[in-house]
Amino acid sequence: MKPILILSALLSLLASAKPPNIIFILADDQSWNGTSAPMIQGNHSSKNPMFHTPNLERLASQGITFSQAYAAHCKCECSRASIQMGRTTTTLNASDKMARNWSAPVTDSIVNILKKANPAYRAAHLGKWQWFHTPASMGYDVSDGITMNEDGDSTDLLDPKLSFSITRRAKEFMATQVKEDHPFYLQLSYYAVHPTAQALATTLTKYQNTGGGGRGDRAVVAAMTEDLDTCIGDILKKIDDLQIADNTIVIYTSDNGGRTGILQGGKTDLHEGGIRVPLIVRIPGIKGGVFSNEPVISYDLIATVLDFASSDFALPTGIEGGSWKSVLLNNGVGKVKRPVDRFVWHQATEVERPHSAIRKGDFKLIYFWDTRSAELFDLTDDLSEAHNLVSEKPDLAVKLQKELKDHIRAGLGEQAFGALERGEFPQNRGGKDGRKRAKP
């Protein structure tokens with residue numbers, strides 16, 4: 001990247017001498033190629049031609065798309081806990097949605113830390129939450145409280161999945177903070193595109209009449225995706241109307257992946273389909289339409305937000321994520337520095353085969369606890385995880401397997417780890433498909 005572009009980005013961020021506003025938009029269950037914005041430059045299979053998301057395309061044209069972005073878990077609740085706390089789900093002891101004994105206090109949540117760094121910040125969380133800790137305990141001034149999947153199933157035909165009312169309240173929150181001269185952190189946790197699919201009748205008719213989204217449920221999903229995109233466009237317009245675009249960071253991603261037609265697996269699965277997600281970041285002053293191939297993960301959010309909001313503030317011990325700031329300011333090029341350079345996932349409930357995974361460098365190993373077997377992939381040239389390298393690289397497989405197990409033992413404790421080793425797995429807690437859960 002030319003020095004003048006780096007200087008432009010830095011000057012844009014510093015010009016107002018104010019800490020930036022941060023808007024974090026979290027879709028629900030959106031697959032890696034679940035929009036019309038490609039995740040890999042020039043790769044048509046990394047987008048969905050049946051969906052119409054012009055506002056996300058515009059956001060990508062103004063920001064950086066991360067081609068190798070990961071969710072912290074392949075299920076909603078665990079992923080969302082990891083985002084709030086900046087730790088892997090195993091280190092947090094939240095790899096099961098029924099977990100109650102987290103290993104880190106809520107005072108270490110992203111908003112609580114942000115407010116310690118700068119008490120002027122105000123924060124809101126609107127939409128899906130799910131965990132037993134309340135948004136208020138994690139520092140949010142405004143929230144919908146503890147909400148579950150079913151809370152997003154709207155009875156208002158003009159507000160499917162509550163997407164439009166969430167957006168309306170978000171705009172009101174933004175306007176209030178600008179008026180009162182407070183920097184703000186806003187997390188929009190949309191219920192879309194999680195089942196049950198809902199969409200505006202006018203949007204659905206367009207897909208049914210043209211066939212662009214297919215028939216039946218597929219048309220509804222396509223229409224729901226476009227409705228979500230419309231809401232994102234409304235948020236972007238409000239940023240412009242409030243004249244805060246030069247001091248506002250926008251981050252868009254999904255809590256977990258889904259079926260893609262190109263990646264192996266889907267939700268609840270630690271193959272790429274279940275954990276690779278869309279990620280687009282727009283910050284003031286950077287060159288848009290850029291793609292970054294640097295692997296990043298959603299529990300990096302705390303380190304990234306704090307680096308932009310208060311770069312000299314020390315993060316609490318135990319935070320495992322790293323900041324994307326240097327990559328974002330360098331045209332998508334560079335390395336994210338983390339306390340430990342690896343990604344780890346663990347999925348032992350609501351799945352036929354309990355398994356864990358580790359990615360280190362370009363290699364990813366998946367370990368199956370029932371058969372004590374592993375799969376090893378080089379993701380540089382095997383995006384679909386079709387070629388198992390365990391027999392070709394046995395030493396690497398053994399090394400990664402040990403590192404993976406050591407991490408899980410340290411996070412979950414000897415008792416839980418011993419049960420895994422003995423093949424004693426938690427019984428299908430919370431329903432087979434992961435969609436049924438009583439409120440705590």
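Some observations on this one:
- Among the residues of region 306-334, those that are among the hydrophobic types (A, V, I, L, M, F, W, C) and more than 29 Å from ALA410 (Cα to Cα) comprise PHE308, ALA309, VAL327, LEU328, LEU329, VAL333.
- Inter-residue pairs, beta-carbon under 6 Å, first assigned by TED's automatic domain parsing to the domain that holds ILE319 and over 18 Å from TYR299 (Cβ atoms) and in region 102-120, second crowded, with 17+ Cβ neighbours inside 10 Å and among the aromatic types (Phe, Trp, Tyr), 6+ apart: LYS115/TYR121
- Which numbered condition PHE51 misses (of (1) under 27 Å from ASP217 (Cβ atoms); (2) out of contact with any helix residue (DSSP H, G or I) (no Cβ under 8 Å at 6 or more places or on another chain); (3) among the aromatic types (Phe, Trp, Tyr)): (2)
- Test: residue in region 116-123 that is of a type in the set (Phe, Trp, Tyr), in contact with a helix residue (DSSP H, G or I) (Cβ under 7 Å, 6 or more places away or on another chain) and within 26 Å of ILE286 (Cα to Cα): yes
- Among the residues listed as ASN93, ASN149, the single one being under 20 Å from THR317 (Cα atoms), within 19 Å of the chain's Cα centre (by Cα) and not β-branched (Val, Ile, Thr): ASN93
- ILE319 fulfils the conditions (1) farther than 27 Å from LYS393 by Cβ; (2) in contact with a helix residue (DSSP H, G or I) (Cβ under 7 Å, 6 or more places away or on another chain); (3) without any contact (Cβ under 8 Å) to a residue 40 or more places away in the chain; (4) part of a loop (DSSP other than H, G, I, E, B) except for a single criterion, (3).
- Selected residue (criterion: nearest to the chain's Cα centre (by Cα)) from residues of region 135-146 that are hydrophobic (A, V, I, L, M, F, W, C) and in a helix (DSSP H, G or I): MET138
- Single unsatisfied condition, ASP156 versus (1) more than 20 Å from the chain's Cα centre (by Cα); (2) modelled with pLDDT under 95: (2)
- Residue in region 40-47 that is at pLDDT 95 or above, surrounded by fewer than 24 Cβ atoms within 10 Å (Cβ to Cβ), part of a helix (DSSP H, G or I) and in contact with a Cys (Cβ under 9 Å, 6 or more places away or on another chain) present: no
- Tally, over region 330-376, of residues that are of a type in the set (Asp, Glu), farther than 16 Å from LEU404 by Cα and surrounded by 14 or more Cβ atoms within 10 Å (Cβ to Cβ): 1
- From the list ALA309, ALA303, the lone residue that is out of contact with any strand residue (DSSP E or B) (no Cβ under 9 Å at 6 or more places or on another chain) and crowded, with 18+ Cβ neighbours inside 10 Å is ALA303.
- As a summary of the residue check, GLU385 satisfies the conditions (1) touching a residue at least 24 places away in the same chain (Cβ under 8 Å); (2) surrounded by 17 or more Cβ atoms within 10 Å (Cβ to Cβ); (3) of a type in the set (Asp, Glu); (4) under 20 Å from HIS407 (Cα atoms) except for the one numbered (4).
- Residues located in region 342-369, provided they are part of a loop (DSSP other than H, G, I, E, B) and modelled with pLDDT of 95 or more: ARG342, PRO354, GLY361, ASP362, TRP369
- Among residues of region 239-277, those that are closer than 28 Å to ALA170 by Cβ and touching a Leu at 6+ places or on another chain (Cβ under 8 Å), counted: 9
- So TYR207, is it in the same structural domain as ASN112 (by TED's automatic domain parsing), closer than 19 Å to ILE25 by Cα and surrounded by 21 or more Cβ atoms within 10 Å (Cβ to Cβ): no
- Enumeration of residues in region 1-39 that are among the polar types (S, T, N, Q) and either modelled with pLDDT of 70 or more or on the phi > 0 side of the Ramachandran plot (or both): ASN21, GLN30, SER31, ASN33, THR35, SER36
- When the criteria are applied in full, GLY318 meets the requirement of being assigned by TED's automatic domain parsing to the domain that holds ALA117, at pLDDT 95 or above and at positive phi.
- Under the condition of being out of contact with any strand residue (DSSP E or B) (no Cβ under 7 Å at 6 or more places or on another chain) and hydrophobic (A, V, I, L, M, F, W, C), the residues counted in region 174-194 number 2.
- Residue pairs meeting the criteria (Cβ under 8 Å; at least 6 apart or on separate chains; first in a strand (DSSP E or B), in region 51-70; second among the charged types (D, E, K, R)): ILE64/ARG282; PHE66/GLU294; ALA69/ARG276; TYR70/ARG276; TYR70/ARG359
- Between GLY361, GLY334, the distinction of being closer than 30 Å to PRO19 by Cα and of a type in the set (Gly, Ala, Ser) belongs to GLY334 only.
The values are calculated or read from the model by the stated rules, or taken from the named source; none is laboratory data. Given the structure is predicted, the values throughout are model-derived calculations rather than measurements. Note that we place each Cβ from the backbone using ideal geometry, even for glycine, and neighbour counts take in every protein chain shown.
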